[in-house]
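The values are calculated or read from the model by the stated rules, or taken from the named source; none is laboratory data. Keep in mind the model is a prediction, meaning the values are calculated, not measured. In this analysis, Cβ positions are derived from the backbone assuming ideal geometry, glycine residues included, and neighbour counts consider all displayed protein chains.
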Amino acid sequence: MTAAFKRALVVTAHPDDVDFGAAGTVASLVAGGTAVTYCVVTSGDAGGFDPAVPRSEIPRIRQEEQRAAGAVVGVTDLRFLGYIDGELTVTHELRRDLSRVIRQVRPELMIIQSPERNWARIPASHPDHLATGEASMYAIYPDARNQFAHVSLFNDEALEAWTVPEVWVMAAPDPDFFVDVTDFFDHKINALKAHVSQTAHHEDLAGFIRGWLTASAAAAGFPEGRLAEAFKRVLIP
């Protein structure tokens, strides 16, 4: 399945979101020959745990961390939209900016955050995640495929409409699609460790993530010892 796409686009609210949710899957996609692009809506300027670090430095630090994490799984095309961390809402401007990236990348697959709150995983349902997921779905359908939506994208930037046929939703309340990432577990952990400002305080990051992926693999019915990342798979006609 992960070898079936030429181009994929991952849209997240913050640096590190993709690595918690889908870094193993991304590594699998890249290994299968898919060109993957990251679009990060904010630069994570409200994140970080070290009070000694000037807040003005956080966006630069977190962008650098995400670039380093991307390199671990083979992603070098990263785009930061520069919205304010903690203040995301589903605006016309955000929909337009996401539609722009979709039309530029022309992905056959998108991986996005869930616009639905997952009561079993509240940290995954951060308000910025929900807003990014909802805006992403609006950009996928109907905006990016409609030549007459966000007309400046075509009139001023010559960006043709693009239809995204398949979407995998991270942290959805009812996942129904699972990717075996056992062979890419180390990639995922090393990508997460690249986010030093966010993960350095975890005493057993690998153990925590392994338990999470083990549960997903069991839910998928995979053999004992396998690891999986879970998604809601959406096919769009």
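For this structure, a couple of remarks:
- Total residues in segment 114-144, condition within 23 Å of residue 6 (Cβ to Cβ) and in contact with a helix residue (DSSP H, G or I) (Cβ under 9 Å, 6 or more places away or on another chain): 5
- Matching residues, segment 30-45, being farther than 19 Å from residue 84 by Cβ and either free of Cβ contacts under 8 Å to residues at least 40 places away in the same chain or touching a Phe, Trp or Tyr at 6+ places or on another chain (Cβ under 6 Å) (or both): 32, 33, 34
- Residues being farther than 26 Å from residue 144 by Cα, touching a strand residue (DSSP E or B) at 6+ places or on another chain (Cβ under 9 Å) and modelled with pLDDT of 95 or more - total across segment 28-61: 1
- Highlighted here are the helices (runs of 4 or more DSSP H) found entirely within segment 181-232 that include at least 2 residues which are farther than 21 Å from residue 14 by Cβ and modelled with pLDDT of 95 or more: 185-193, 205-220.
- Among all residues of segment 168-185, there is none that is touching a residue at least 40 places away in the same chain (Cβ under 8 Å), buried (at least 22 other Cβ atoms within 10 Å of the Cβ) and over 28 Å from residue 228 (Cβ atoms).
- Selection from segment 64-119 of residues that are polar (S, T, N, Q) and over 15 Å from residue 16 (Cβ atoms): 76, 89, 91, 99, 104, 114, 118
- Filtering segment 145-159 to residues that are part of a helix (DSSP H, G or I) and surrounded by 14 or more Cβ atoms within 10 Å (Cβ to Cβ) leaves 153, 154.
- The residue that is farthest from residue 216 (Cα to Cα), among those in segment 118-132 that are without any contact (Cβ under 8 Å) to a residue 60 or more places away in the chain and either crowded, with 16+ Cβ neighbours inside 10 Å or hydroxyl-bearing (Ser, Thr, Tyr) (or both), is 130.
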